[in-house]
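Before I ask anything, here is the structure I am working with.
Throughout, read-outs are computed from the coordinates displayed, never taken from laboratory work. Quick caveat, the model's predicted, so the values are computed rather than measured. Counting neighbours? That spans all protein chains shown, and the Cβs are built from the backbone with ideal geometry, glycine included.
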Amino acid sequence: MKKTALILVCVLLIQIAGLSAYAEVLEKPINEWNVYVSALHNVPEGSHYMAYIENTSITPGGLYEPQTLQLRYFFTLDEANANDLVMLPHNRTDNGEITGSGPDVWDKENKVYYYTFEVTSAWKDPEPKENKYCHIDAMFNIMCGTATWNPMNDWSLQDISEDNTKVINVNQPLLAYYAPNFVLYDTSGNKLFGNEPPKPSVKGEWRVYTVPLHMIPEGSSFMTYIENTSKLAGGVYEPQSLKLRYFFTLDEENANNLIMRAHERLDCGEIVGSGPDVWDEENKVYYYTFDLTSDWKQPYLPENKYCHIDALFSIIGGTATWNPMNDWSCKSIDESNKIKMDEYGPEAYYAPDFVLYDSNGKKLYGNEPPKEEASNALCGDISADGKIDVIDLALIKKHLLGLIILKPSECNAGDLNEDGKVDSIDFGLMKEYLLGKLSALPVVNQI
């Protein structure tokens, strides 16, 4: 008796496990979207489309909530003809509601536009019955109007599969073709089905605006706004690391007496300042570098189109004699090109000479100061006395020992293998030249 009861319990447990597994399968049907299209009168004068939208989790006999979807038709035309097309969505009693909008630009360079059809409908049982899934219909016309248009060139009509078809109406046996380039989205814009046309990568244009505050020799502060036209308001973007340089003009002593402060604020990410560094010693041009790592911030005012990154820093005169109005980065601030960044703050001015780089030092924006061209001094003549001799050899040796620091012009003359630096290789080449083992300088591609 006990043995029989034990067997019955085991059988019951197996059945429960089987039912649980079956229930789990039922709860997780495959959620695959498909779009089939029947194209009528597909001629330049006008085309009529019946689109059938399926989801493999929506099967006959079930009770399903009505659904709102967005279907896009992509076409190829120049801008003038695109705007001359006439689009007509068709509302029918049994097809729910359909509205159309467009044309909108997808890829202006390659003349690709699209219409969007928003459909709100109940799921309809299939006809004929051999079709497995419920569907939503979307019917629309595109008429050429005054446009010159051939629908057979359109992206959405490419790759329509004549091997994958289905009958969609018993009384009027129309064939609908699998249409992988009719693209389906949910109401949040998430793509559910289809192949969008390729888009050229958005390069985006960089811009820098600044609010110069307290522009006096005692000290100046700069509230700087960095924009990129690919970072549109409302978008979500990865944090970015950038380098911003401020160029100023001072002699070496005063440059080193300036005080630079990079201001970190809770909502502005991280900013680290360094410098001053020499840009053009002969013309007394120096610069500060500000390394920024920040999220892209949404614009404060609705009329501003792009997200931005902030950078706030101050330069204090300290013991230096300095006038910021003479600085390279302030000379071309354009007060006619300005933007209101904040409802309560002052306007920011376009600053073409604040120079922006990526984290690897590649320039993204702005005008760097011109550099004094390298002199035509004799290669190897570090002392600039018109000849190459043991004095020049001694200067290289002192530089390598750290007893002196060669000026940029002296480094150019002492770089005997043109690898961008003065090192022990140049010292060895100088010795060989003075011993007569080398006939000329520079020596290029010397290992």
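For residue 230, what residues show an amide H to amide H distance below 5 Å, using hydrogens built from the backbone and excluding near sequence neighbours?
205
Same structure, new question: Tell me, in nm to one decimal, what length is gained between residue 68 and residue 323 on full extension, where the rule is 0.36 nm per residue of separation less the Cα-Cα distance?
This chain segment gains 85.5 nm when fully extended.
Which is farthest toward the positive dipole end of the range 33-193 among 149, 64, 34, measuring Cα position about the Cα centre, with Cβ charges +1 (Lys, Arg) and -1 (Asp, Glu)?
Highest projection toward the positive end goes to 64.
What number, rounded to the nearest 500 deg cm²/dmol, is the helix-based mean residue ellipticity at 222 nm of the chain, given -39500 (n - 2.57) per DSSP H run of at least four residues and division by all its residues? Working shown, then result.
On the way: 7 runs with 72 residues, N = 447.
Estimated from H runs of four or more residues: -5000 deg cm²/dmol.
What list of ³J(HN,Hα) couplings, whole Hz, do you get for the range 232-248 from phi and the Karplus terms 6.51, -1.76, 1.60, once you set θ to phi - 60° and write x for glycine and proline?
Working through the residues one at a time gives 6, 4, x, x, 10, 10, 5, x, 10, 10, 9, 10, 10, 10, 10, 9, 9 Hz.
In the Gaussian network model of the chain, springs joining C-alpha atoms below 10 Å, which of 307, 144, 379 carries the largest mean-square fluctuation?
Judging by the Gaussian network model, the answer is 379.
Also, quick follow-up: Give a quick list of trypsin sites (Lys or Arg not before Pro) in the range 181-275 that DSSP marks as loop, anything other than H, G, I, E or B, with at most 13 other Cβ atoms within 10 Å. Could the numbers behind the result be given before it?
Numbers: sites: 191, 203, 207, 231, 243, 245, 261, 265; in loops: 203, 265.
In loop regions of the range 181-275 (DSSP not H, G, I, E or B), the sparsely surrounded trypsin sites (Lys or Arg not before Pro) are 203, 265.
With θ taken as phi - 60° and the coefficients 6.51, -1.76 and 1.60, list the Karplus ³J(HN,Hα) couplings across the range 267-283 in order, rounded to whole Hz; mark glycine and proline as x.
Values per residue, Gly and Pro as x: 9, 10, x, 10, 9, 10, x, 9, x, x, 10, 7, 9, 9, 4, 4, 9 Hz.
Please name whichever of 249, 348, 441 sits farthest to the positive end of the charge dipole of the chain, dipole taken about the Cα centre and charges placed at Cβ: Lys and Arg +1, Asp and Glu -1.
348
I've got another one for you. About its Cα centre, how strong a charge dipole does the range 374-447 have in debye, to the nearest 20, once Lys and Arg get +1 and Asp and Glu get -1 at the Cβ? If you can, show how the numbers build up before the last one.
Details: 7 positive and 11 negative charges, 35 e Å.
It comes to approximately 160 debye.
Another question about this same structure. Suppose R0 equals 56 Å. What FRET efficiency, 1/(1 + (r/R0)^6) with r the Cβ-Cβ distance, do residue 158 and residue 397 give to the nearest 0.05? Could you put the intermediate results ahead of the total?
Working: r = 72 Å, r/R0 = 1.28.
E between residue 158 and residue 397, to the nearest 0.05, is 0.20.
Then there's this: Could you list the chymotrypsin sites (Phe, Trp or Tyr not before Pro) in the range 344-406 that lie in coil according to DSSP, counting only those with at most 16 other Cβ atoms within 10 Å of their Cβ? Can you show the working numbers first?
Values: sites: 344, 349, 350, 354, 357, 365; in loops: 344, 354.
In loop regions of the range 344-406 (DSSP not H, G, I, E or B), the sparsely surrounded chymotrypsin sites (Phe, Trp or Tyr not before Pro) are 344.
Quick one: 399, 135, fewest Cβ neighbours within 10 Å first, how do they rank? Walk me through the numbers before you get to the answer.
Values: 399 20, 135 24.
Ordered by Cβ neighbours within 10 Å, fewest first: 399, 135.
Counting other beta carbons within 10 Å of each Cβ, put 63, 85, 364, 401 in order, fewest first. Let's see the in-between values first.
Values: 63 5, 85 20, 364 17, 401 8.
By the 10 Å Cβ count, ascending, the order reads 63, 401, 364, 85.
Here's something else I'd like to know. Label-point separation (nm) for residue 148 and residue 277, each offset 7 Å from Cα along Cα-to-Cβ?
Placing both labels 7 Å along Cα→Cβ, they lie 5.5 nm apart.
Residue by residue through the range 382-394, what is 3J(HN,Hα) from phi via Karplus (6.51 cos²θ - 1.76 cosθ + 1.60, θ = phi - 60°)? Round to whole Hz and write x for glycine and proline.
The phi angles translate into 5, 7, 6, 9, x, 8, 10, 8, 5, 4, 5, 4, 5 Hz.
Filter the GluC sites (Glu not before Pro) in the range 85-151 to those in DSSP coil with at most 10 other Cβ atoms within 10 Å of their Cβ, and list the result. Walk me through the numbers on the way to the answer.
Details: sites: 97, 109, 118, 130; in loops: 109, 130.
When the GluC sites (Glu not before Pro) of the range 85-151 are filtered for loop state and at most 10 Cβ neighbours within 10 Å, 109, 130 remain.
Under 12 Å Cα-Cα from residue 371, which aspartates and glutamates qualify once same-chain neighbours fewer than 8 residues away are excluded?
In chain and number order, the partners are 280, 281, 282.
Could I ask something else about it? Tell me which label goes with the value of Rg and Dmax of the Cα atoms in Å computed from the coordinates here: (i) 35.6, 118; (ii) 23.4, 77; (iii) 24.7, 77.
The calculated read-out lines up with (i).
Mind ordering 384-391, 310-317 by average Cβ neighbours within 10 Å, highest first?
310-317, 384-391
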